[in-house]
Amino acid sequence: MRRRRLVPLLAVSVTATLAPALATSTATAAPAGTPSAVSSPAASSAAASSPAARSALDRYAKQKPRWKRCEADSPAEFECATIKVPLDYRVPGGERIDMAISRIRSTTPGKRHGVLLSNPGGPGGPGLSMPLGMKEGLPESTRQKYDLIGFDPRGVGRSSPVSCGLEPEEENWLRPYKEETFDKDVAWARTVADKCRKNAGDTLPHITTRNTARDMDLLRAVLGEKKISYLGYSYGTYLGAVYTQLFPGRADRFVLDSAVDPARAWRGMIQWWAEGAEPAFDRWTEWAAGRSAKYGLGDTPKEVDRTLWDLVAQADETPIEVEGQPLTGDDIRSGMRVAVFTPEYATEGVVELKKAAAGRTASVKKLAPFAGSAGTGTADAADAAEAPSDNMSASFWAVVCGDNSAAWSRDSESYRRDAIEDKGRYPLYGDFASSIKPCAFWDKSVEPATEVNNKVGSLIVQNEWDSQTPLPSGQALHADLKGSSMLTVLGGEGHAVYPNGNACTDGTVARYLLTGRLPAKDVTCEATAGQNAEARENRTRDVLPGSPLPLRAPDRF
């Protein structure tokens, strides 16, 4: 297979057509607990701005959380509660759903600045346990400043979890294009959409990023805060950016780590995985060729390239057996998509793959990127016990399809054409990313997509070699948030940066959280060996920082 040179990433960007933001997008801050402090989330329709709607939201804002120890075996300082939020902010007097929240209070009340909300990524990732992770990772000076606040986004975990009634095989959604199976994949996508409509059709249209941002603002009012600070990873950067667009006057110190390009939510972000893998692949072939004496994959990048694609061709013909598990060419391509962002990790895997292909004993651990390309983590046990088994998938599709239905073609044949074309342009993953998804059969979005374009201060943090949200994605969010500063970790590998033990990156983020002052200009840090070693060892961070996803559906933001 001949691989084409990659066109510059931004030149092939697929930008969704976005409708103008709603009138509430420029809402200003108001004292917590007053009608104006909580009316903006629902003011997206004339009905919602009525006295009755404002009164209904007032009642939500006056809730008093009943804090209690989260679990019998959890630290006493880790407290949980449940509040109510409107299912539909346009009709706040209607159906209510749960919002599960958690906190660890500031260690020094006299130095307390406010609250620091957090989101681990997803969509579909539970965030209730985030304060525990932040307690361990944040410096004590930051712990003194903030109450650490976590929450499960609406529809997720303990926040009125949604379900589509999907079987495990129906949750396998990243499917390579093949002419002989495409009709079955179309049928699968239609079935998932139909099941979601049948099982949760009244709820799913309201499981959106905009509504989760509104929930965050209602939580702000319930906590009695005029503003919130925020630490969001991956999908959480988009959630944070949408909050700044809807409530610019209520955003205090926002750290957006491993960023989503708002204009590519969401089909375009999935396609980023294919586009972003190609320069990483080229970097890998150069790295492996430079160490040919040790690894024996080829003396030149071209030879390393050929070694990999010969293995793919062999596995397409006859799957390669690894401890009884057959690996196809598609398994190899899917595994390499993430592995190449860490060249040593990819190289060691391909060395073992060669052994297995030759019938020799190979290291199963080092073959994990291929044999384990379906994922490496499991959901939080407490959340999994309370949520339906397909909760993450159901909430994922609700957001990915419902945030911006206009980004998804209704013509199934267009996905065939895109998959064929993108497999040629991006051989590793183009057809996985561009082929049919359930969103092709999803109902029209209740609201238009959010156009992020504001001057709210925020700090965007990005590794240069991030497999889930590539560097150009972070640069695009930086351009949209005109008041932001950007911290780029040159040579940084893995998904999610802060905290990582790198004095440059950790220090920059900590100073911003402590003082509220952004760097005067964009910051560049050099990756440290320890930081990248951690990225290689902790592969679950390439799935979802802080909240690993289920085995069968890992590749999310």
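The values are calculated or read from the model by the stated rules, or taken from the named source; none is laboratory data. Values in this document were obtained by computation on a predicted structure and should not be read as measured data. Cβ sites come from the backbone with ideal geometry, for glycine too, and all protein chains shown count toward neighbours.
Residues in the stretch 178-217 that are among the hydroxyl-bearing types (Ser, Thr, Tyr) and free of Cβ contacts under 8 Å to residues at least 40 places away in the same chain were compared, and the one that is farthest from Pro388 (Cα to Cα) is Thr181. Go over the candidates Leu116, Leu148 one by one and state the one that is over 16 Å from Leu239 (Cβ atoms) and at pLDDT 95 or above. That would be Leu148, the only listed residue that is over 16 Å from Leu239 (Cβ atoms) and at pLDDT 95 or above. From the residues in the stretch 319-357 that are in contact with a helix residue (DSSP H, G or I) (Cβ under 6 Å, 6 or more places away or on another chain) and in a loop (DSSP other than H, G, I, E, B), which one is farthest from Gly430 (Cα to Cα)? Only one residue tops the list, namely Thr342. Looking at the stretch 274-292, is at least one residue in contact with a helix residue (DSSP H, G or I) (Cβ under 8 Å, 6 or more places away or on another chain) and within 14 Å of Phe557 (Cβ to Cβ)? Yes - at least one qualifying residue is present in the stretch 274-292.
So that you can scan it fast, the table gives a plain yes or no per residue for (1) over 14 Å from Phe341 (Cα atoms); (2) not assigned by TED's automatic domain parsing to the domain that holds Ala346; (3) not β-branched (Val, Ile, Thr):
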{"residue": "Thr469", "(1), (2), (3)": "no, yes, no"}
{"residue": "Pro499", "(1), (2), (3)": "yes, yes, yes"}
{"residue": "Thr505", "(1), (2), (3)": "yes, yes, no"}
{"residue": "Ala510", "(1), (2), (3)": "yes, yes, yes"}
{"residue": "Thr515", "(1), (2), (3)": "yes, yes, no"}
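Scanning the stretch 296-315 for residues that are hydroxyl-bearing (Ser, Thr, Tyr) and either at pLDDT below 95 or part of a helix (DSSP H, G or I) (or both) yields a single hit, Thr307. Meeting the requirement of 1 or more residues that are among the aromatic types (Phe, Trp, Tyr) and surrounded by fewer than 19 Cβ atoms within 10 Å (Cβ to Cβ), no strands (runs of 3 or more DSSP E) wholly within the stretch 67-144 can be named.
Being closer than 13 Å to Thr212 by Cβ and not hydrophobic (A, V, I, L, M, F, W, C) is the filter here; which residues of the stretch 136-162 pass it? Hits for the stretch 136-162 are Asp152, Pro153, Arg154, Gly155, Gly157, Ser159, Ser160.
Scanning the stretch 154-200 for residues that are part of a helix (DSSP H, G or I) and of a type in the set (S, T, N, Q) gives Thr191, Asn199.
Say whether the condition of being closer than 20 Å to Phe432 by Cβ, surrounded by 24 or more Cβ atoms within 10 Å (Cβ to Cβ) and in contact with a helix residue (DSSP H, G or I) (Cβ under 8 Å, 6 or more places away or on another chain) is met by at least one residue in the stretch 224-234. Looking for residues that are closer than 20 Å to Phe432 by Cβ, surrounded by 24 or more Cβ atoms within 10 Å (Cβ to Cβ) and in contact with a helix residue (DSSP H, G or I) (Cβ under 8 Å, 6 or more places away or on another chain), one finds none in the stretch 224-234, hence no.
Exactly one residue out of Val509, Val497 is part of a loop (DSSP other than H, G, I, E, B) and under 19 Å from Ser234 (Cα atoms): that is Val497. Within the stretch 411-466, being in contact with a helix residue (DSSP H, G or I) (Cβ under 7 Å, 6 or more places away or on another chain), of a type in the set (Lys, Arg) and part of a helix (DSSP H, G or I) holds for Arg416, Lys423. The set of residues from the stretch 208-234 being under 17 Å from Pro120 (Cβ atoms) and either among the hydrophobic types (A, V, I, L, M, F, W, C) or touching a strand residue (DSSP E or B) at 6+ places or on another chain (Cβ under 7 Å) (or both) comprises Ala213, Asp215, Met216, Leu219, Ile228, Ser229, Tyr230, Leu231, Gly232, Tyr233. Among all positions in the stretch 182-192, there is at least one residue which is within 29 Å of Gly240 (Cβ to Cβ) and crowded, with 24+ Cβ neighbours inside 10 Å.
Checking the stated criteria, Arg552 turns out to be over 20 Å from Trp465 (Cβ atoms) and either at pLDDT below 95 or outside the structural domain of Pro120 (by TED's automatic domain parsing) (or both).
Which condition number does Arg175 fail, the rest of (1) of a type in the set (Lys, Arg); (2) free of Cβ contacts under 8 Å to residues at least 40 places away in the same chain; (3) within 30 Å of Arg197 (Cβ to Cβ) being met? The number of the failed condition is (2). Pick from the stretch 151-189 the residues that are closer than 20 Å to Phe441 by Cβ and within 20 Å of the chain's Cα centre (by Cα): which of them is modelled with the lowest pLDDT? Applying the filter and picking the extreme gives Leu174.
Checking Arg253, Arg283, Arg264 one by one, the residue that is under 17 Å from the mean Cα position of the chain (by Cα) and among the charged types (D, E, K, R) is Arg264 and no other.
Residues in the stretch 358-370 that are buried (at least 20 other Cβ atoms within 10 Å of the Cβ) and either of a type in the set (Phe, Trp, Tyr) or outside any helix (DSSP H, G or I) (or both): Ala362, Leu367, Phe370.
Mind listing whichever residues of the stretch 460-509 are closer than 13 Å to Thr528 by Cβ and among the hydroxyl-bearing types (Ser, Thr, Tyr)? Once the filter is applied, which keeps residues that are closer than 13 Å to Thr528 by Cβ and among the hydroxyl-bearing types (Ser, Thr, Tyr), the stretch 460-509 yields only Thr505.
How about the stretch 389-409: which of its residues are surrounded by fewer than 18 Cβ atoms within 10 Å (Cβ to Cβ) and outside any helix (DSSP H, G or I)? If the condition is that a residue be surrounded by fewer than 18 Cβ atoms within 10 Å (Cβ to Cβ) and outside any helix (DSSP H, G or I), then Ser389, Ser409 are the ones that fit. For the stretch 252-279, the set of residues classified as in contact with a strand residue (DSSP E or B) (Cβ under 7 Å, 6 or more places away or on another chain) and crowded, with 24+ Cβ neighbours inside 10 Å consists of Arg253, Phe254, Val255, Leu256, Asp257, Ser258, Ala259, listed by residue number.
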